[in-house]
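Below: the structure, in structure tokens.
The values are calculated or read from the model by the stated rules, or taken from the named source; none is laboratory data. Small disclaimer: the values here were computed from a predicted structure and weren't measured. Positions of Cβ are generated from backbone atoms using ideal geometry, with glycine treated the same way; all protein chains shown enter the neighbour counts.
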Amino acid sequence: MLFILQCQLYIICLAISLLKESIIVDKNVISCELHDFVEVACMYGYQVKLILKNEQTIEGKAVDIVQSADKRECLVLDSGSKQQIDLMELSKMQVLTPNAKFTEVVF
């Protein structure tokens, strides 16, 4: 009986550990819905204005989504030169291209 209780306790601890890891991972990615908007902006090559969480503003053409060396998802933005913007740093994306599928996304 004691052995069964120890096994159950081990399984519960393992489940809690895995749950904590998945919660931490979820904090490092944006929602699928918001990710879809970024993908559409890249697919159509929209001109966008990004407002970052630090209130910095960047304008350019949405080109692609890539993974950085430290495994973060980044939007490649072409504003004369290409730069990578961490998706987790986005506060707002405004689409400047006329007749776009959407005009603004708040992250």
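State all residues of region 30-50 that are over 13 Å from the mean Cα position of the chain (by Cα) and surrounded by fewer than 17 Cβ atoms within 10 Å (Cβ to Cβ); if no residue qualifies, say none.
Of everything in region 30-50, those that are over 13 Å from the mean Cα position of the chain (by Cα) and surrounded by fewer than 17 Cβ atoms within 10 Å (Cβ to Cβ) turn out to be V40, M43, Y44, G45, K49.
Would you kindly identify the strands (runs of 3 or more DSSP E) lying entirely within region 51-107 that contain at least 3 residues that are not charged (D, E, K, R)?
57-67, 73-78, 82-86, 90-95
Can you tell me which residue is nearest to T97 (Cα to Cα) among those in region 1-60 that are at pLDDT 95 or above and of a type in the set (V, I, T)?
This residue is V48.
Can you tell me how many residues in region 59-88 are touching a Cys at 6+ places or on another chain (Cβ under 9 Å), within 15 Å of I30 (Cβ to Cβ) and acidic (D, E)?
The qualifying residues number 1.
Does I65 fit the bill of being modelled with pLDDT under 95 and more than 23 Å from P98 (Cβ to Cβ)?
no
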